[in-house]
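I have placed the structure first, in the form of structure tokens, so that the comments after it can refer back to it.
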Amino acid sequence: MSQTDPFISLLIIFITDPGSDFYLPKLLQACNDPKLEPYTNNNIDLGTYPVMRRDYRFNLINIKVEGISNIQVEKEGANVPRIYINGSNVKFYARRPNTEAPMPQLPAKLKLAADLIITPVGSVSLPAIHVTADIAHAQLFGEFDATSNGRDAETIRITFIKLALQQMLDQADNIVFNIDAKSVFNQMINRIINQDSVKLKLVTELNNQLSSASVLGTLSAQSTAAAIAALK
């Protein structure tokens, strides 16, 4: 498939068209096995840290992130979508929030909610602490291959290669964890979980999950179906 393939040219239009089945927010919202809206994760290990001369392991569990699909493809220059095509390979960048066709049910910022489990090494876990964070800047990068015979829409196949949240750590206050607990250790817990290194663990694990075989496989299958429907 070459850069002049008419199907790719049409898909680039459709991925930015709110009326299309291939519109990017619709693709993300349709991903349901696993779901991306909201995105959930059972456990993220944030690492082990010393507190009062003892080591404690920090884990986020019951993680829920809302608003991943509240995005639209970025524009650059003279209102040109930030999409790059190389043969059958397509890369795109999307920003938040969606102003083209906003979904009222979705937050403008990424909203994270989870339970923080703190476990003294060699002992049992302390009671869970509820944690929240609003994340304003979270660009979405995606990459997929689009192949077909160039003549029949039924032959098109979309294979997602990567999906990743970017720019989440560019600003120091973009991710600030807030804890819902009354404890003499609140200040220390806040200091630990709001370290840049801890936030990096969160972002890395989120992106590992978004680019997992299960997410990419489901997104590929559902995007293929949407592309065929849009091109018919």
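The values are calculated or read from the model by the stated rules, or taken from the named source; none is laboratory data. Just so we're clear, the structure is a prediction, and the values are computed from it rather than from any experiment. When we count neighbours, we look across all protein chains shown, and the Cβ atoms used for this are built from the backbone with ideal geometry, even at glycine.
Inside region 1-15, residues that are modelled with pLDDT of 90 or more and among the small types (Gly, Ala, Ser) make up a count of 0. Across region 104-130, the qualifying residues are those that are closer than 27 Å to Glu74 by Cβ and touching a residue at least 24 places away in the same chain (Cβ under 8 Å), and the one among them that is surrounded by the most Cβ atoms within 10 Å (Cβ to Cβ) is Leu110.
Scanning region 91-103 for residues that are modelled with pLDDT of 95 or more and either surrounded by fewer than 14 Cβ atoms within 10 Å (Cβ to Cβ) or among the hydroxyl-bearing types (Ser, Thr, Tyr) (or both) turns up just one, Tyr93.
Run down Leu210, Leu206, Leu216 and say which single residue is at pLDDT 95 or above and surrounded by 13 or more Cβ atoms within 10 Å (Cβ to Cβ).
On the way: Leu210 fails: at pLDDT 95 or above; Leu206 fails: at pLDDT 95 or above.
Within the list Leu210, Leu206, Leu216, the selection yields Leu216.
Cβ-Cβ distances below 6 Å connect the following pairs, each with a first residue in region 131-158 that is surrounded by fewer than 15 Cβ atoms within 10 Å (Cβ to Cβ) and of a type in the set (Ser, Thr, Tyr), a second residue that is part of a strand (DSSP E or B) and at pLDDT 90 or above, and a separation of six or more residues or different chains: Thr132/Ala113; Thr132/Asn178.
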